[in-house]
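The values are calculated or read from the model by the stated rules, or taken from the named source; none is laboratory data. All values derive from a computational prediction rather than experimental measurement. Note that we place each Cβ from the backbone using ideal geometry, even for glycine, and neighbour counts take in every protein chain shown.
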Amino acid sequence: MSRGFDLAESLTKGVEDRSGAWSFVEAFAAHWAEPLQRGDGWPEEDLAAAEDRLGVRLPAALREAYRLFGRRRELTSNHDVLLDPAGLYVDDAEEALVFRQENQGAASWGILLDSLTDDDPAVFVRPDLAVKSAERWEGWLDRLSLCFVEIVLSESVLADLERCDFLDPEDDSIELLERHCARLPFPAYPIGEEEHGIRWFLGPDVLVRDDDGMALLARGRTAQDLDRLRALIPGDWLNA
């Protein structure tokens, strides 16, 4: 893509392993936000204090993400919230370590306690329902590093910027999306929802998230890039 950054190529490597994930986040931040700098991550003493308080060892992937960019709120917490080390907690049922929450408390993301010894464990999500007995942890993504890539992508299209927008798709919106934009090499999720999951697309300097045809969220590198997408996929865009 423009300015020497090929988002699709970088993401292909980013979904392979932890090292690729962190390289993708660094490159994405440099080209679509602001470059990562010293001080953007949490220091070791804060992570060690969290471990002492919780009585658990944080997985390597969680420590690496927090130390690299855990304090960059515009990369992690425009809508949903990546918890600070001091805010990490074990859920009431003592099943999972919670590290992320939906902005209105409607869901939580966590790592099952019996997988905390894994370097890059799977991530699960639990809805906060009116009927508490129906709540349970459900598969989200099969690696924590992959989840952090998803967090950075999702928070980028949910920023409060003139470069971001939302569309309630019309009958032909998804067809137009697939015609004009390329599917990105990120697995459909949540786990087990390959046919009806969340998918990512890339157009000319515009990133799009397709929530199973129920919503399109987009971010352009510039406002003009976003305008071009709106012209390709007409509809009642929220911020147009």
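Quick notes
- Residue match in region 147-162 (condition: buried (at least 17 other Cβ atoms within 10 Å of the Cβ), in contact (Cβ under 8 Å) with a residue 24 or more places away in the chain, aromatic (Phe, Trp, Tyr) and in contact with a helix residue (DSSP H, G or I) (Cβ under 7 Å, 6 or more places away or on another chain)): yes
- Looking only at residues of region 169-221 that are within 20 Å of Glu138 (Cβ to Cβ) and β-branched (Val, Ile, Thr), we find that the one that is nearest to the chain's Cα centre (by Cα) is Ile198.
- Complete set of residues in region 82-117 that are within 24 Å of Ala33 (Cβ to Cβ), touching a strand residue (DSSP E or B) at 6+ places or on another chain (Cβ under 9 Å) and surrounded by fewer than 18 Cβ atoms within 10 Å (Cβ to Cβ): Gly87, Glu102, Asn103
- Inspection of region 12-21 identifies no residue that is hydrophobic (A, V, I, L, M, F, W, C) and either over 15 Å from the mean Cα position of the chain (by Cα) or over 19 Å from Asp119 (Cα atoms) (or both).
- Residue count for region 184-204 under the criterion of being surrounded by 18 or more Cβ atoms within 10 Å (Cβ to Cβ) and either modelled with pLDDT under 95 or within 18 Å of Asp168 (Cβ to Cβ) (or both): the result is 3.
- Condition met for Gly20 (outside the structural domain of Phe201 (by TED's automatic domain parsing), out of contact with any Cys (no Cβ under 8 Å at 6 or more places or on another chain), assigned to a loop (DSSP other than H, G, I, E, B) and surrounded by 15 or more Cβ atoms within 10 Å (Cβ to Cβ)): no
- If you check Arg71, Arg38, Arg100, Arg67 for being in a helix (DSSP H, G or I) and at negative phi, only one passes: Arg67.
- Within region 44-64, the set of residues being surrounded by 14 or more Cβ atoms within 10 Å (Cβ to Cβ) and either closer than 15 Å to Leu144 by Cβ or of a type outside the set (Gly, Ala, Ser) (or both) comprises Asp46, Leu47, Glu51, Leu54, Val56, Leu58, Pro59, Ala60, Ala61, Leu62, Arg63, Glu64.
- In region 65-81, the residues that are among the aliphatic types (A, V, I, L, M), surrounded by fewer than 21 Cβ atoms within 10 Å (Cβ to Cβ) and touching a residue at least 40 places away in the same chain (Cβ under 8 Å): Leu68
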